[in-house]
Amino acid sequence: MDEMIEKVKNGYTINIYKDKLELSTAVFEFIESRIIRTLKNKERFKFCVCGGSTPKAVYQLLSNSDLRWDMVDIFLGDERCVDPCSELSNTLMLKNSLLTNFGSKAFFYEIFNNLNVDDETTKNKFISKLFEKCGSNPPTFDLTLLGLGDDGHTASLFPFQKNNNVDDFVIFNEGKGLKRISLTPKVLSASSKIVFLVSGANKRIALERLLDEKEPLNRTPSKLIKSINQISIFCDQESAKELEI
């Protein structure tokens, strides 16, 4: 592996890797060590994961690691309101990656196991399970892995949506032509550790804006995610090429 470049800017630690392969390996190793270390002191590891194409390679590596998966609780940070068997479903992607091999022993909360249930019931069941597993208010994950869209969105918090930062735990939102359900900044920001995973030249502008103190929150909702701890960004050279750091 080539030497990783580490920079610090505006409350973020930025770890830059040569390419997507080295990036995926580094994020896998980070998560693996975090799970091992946490479970030495706690009975459960609470893990909030993201969908999309970028983290899939990380999940496949994790699924082949012989960890104490029976002590891991996995939640999606957001999901498209589609059939869980749809190719558009984050749930299906997880079932074909993270939740295979050793990872199949983990607890996974499936948001849409019944599409006939109304929105309010779906939301309340989601919140109820968060409180059951996380046991705090707001619910607190040991680790939250977030993606970054080329438009600056994260989870299903999309630019210029009025309810992105409401005082709630779960919202329904619209993004890229699909209805979605998402955890809010209130929950995501409460996580003990937050990691953004960013890859590709099409993410350059979004990453620049995330790191810009003057960038408006409504245009780049990923900036709504705050933490009392340093937020880590794992990215490849393609996405970090124009950064002034």
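The values are calculated or read from the model by the stated rules, or taken from the named source; none is laboratory data. As the structure is a computational prediction, the values presented were derived from the model and not from experiment. All Cβ positions, even for glycine, are placed from backbone atoms using ideal geometry, and neighbour counts span all protein chains on display. Only protein heavy atoms, including side chains, enter the accessible area calculation; ligands, DNA and RNA are left aside. Shrake-Rupley method; radii C 1.70, N 1.55, O 1.52, S 1.80 Å.
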Of the accessible area of the chain, computed with a 1.4 Å probe and all protein chains kept, carbon and sulfur make up a percent value of 47
Per the rule of 0.36 nm per residue minus the C-alpha distance, extending Lys42 to Lys18 adds in nm 5.2 nm
Ordered by number, the GluC sites (Glu not before Pro) in region 78-175 that occupy a DSSP loop and have at most 11 other Cβ atoms within 10 Å are Glu87
From the Cα centre of region 150-165 to that of region 217-245, the distance in Å is 14
Going residue by residue through region 27-37, the Karplus relation 6.51 cos²θ - 1.76 cosθ + 1.60 with θ = phi - 60° gives ³J(HN,Hα) values, rounded to whole Hz and with x marking Gly or Pro, of 5, 4, 5, 5, 5, 4, 5, 5, 5, 4, 5
For region 148-233, the dipole about the Cα centre with charges only on Cβ (Lys and Arg +1, Asp and Glu -1), to the nearest 20 debye, works out at 100
Taking trypsin sites (Lys or Arg not before Pro) as exposed when in a DSSP loop with at most 16 other Cβ atoms inside 10 Å, the chain has its longest clean stretch at 69-161
Relative contact order in percent for region 71-191 (Cα pairs under 8 Å, 6+ apart) equals 27
For region 162-245, dividing by residue count, accessible area per residue (probe 1.4 Å) in Å² works out to 45
Lys214 and Glu32 label points (each 7 Å along its Cα→Cβ direction) are spaced in nm at 4.3
Between the modelled labels at Lys133 and Glu6 (7 Å from Cα along Cα→Cβ) the distance in nm is 3.0
If the chain between Glu110 and Asn96 were fully extended at 0.36 nm per residue, the gain over the current Cα-Cα distance would be 3.7 nm
Once phi for every residue in region 146-151 is put through the Karplus expression 6.51 cos²θ - 1.76 cosθ + 1.60 (θ = phi - 60°), the whole-Hz ³J(HN,Hα) values, with Gly and Pro written as x, are 10, x, 9, x, 5, 9
In nm, the gap between the two label points placed 7 Å beyond Cα toward Cβ at Asp118 and Val166 is 1.5
Note, region 233-238: 3J(HN,Hα) by Karplus (6.51, -1.76, 1.60, θ = phi - 60°), whole Hz, Gly/Pro = x, goes 10, 9, 9, 9, 4, 4
Computed over region 34-123, protein heavy atoms only, probe 1.4 angstrom, the accessible area per residue in square angstrom equals 47
Relative contact order as a percentage, the chain, C-alpha pairs under 8 Å and 6+ apart, gives 23
Options (i) 0.93; (ii) 1.09; (iii) 1.04 are given for Rg/Rh (Cα atoms, Kirkwood Rh), and the computed one is (i)
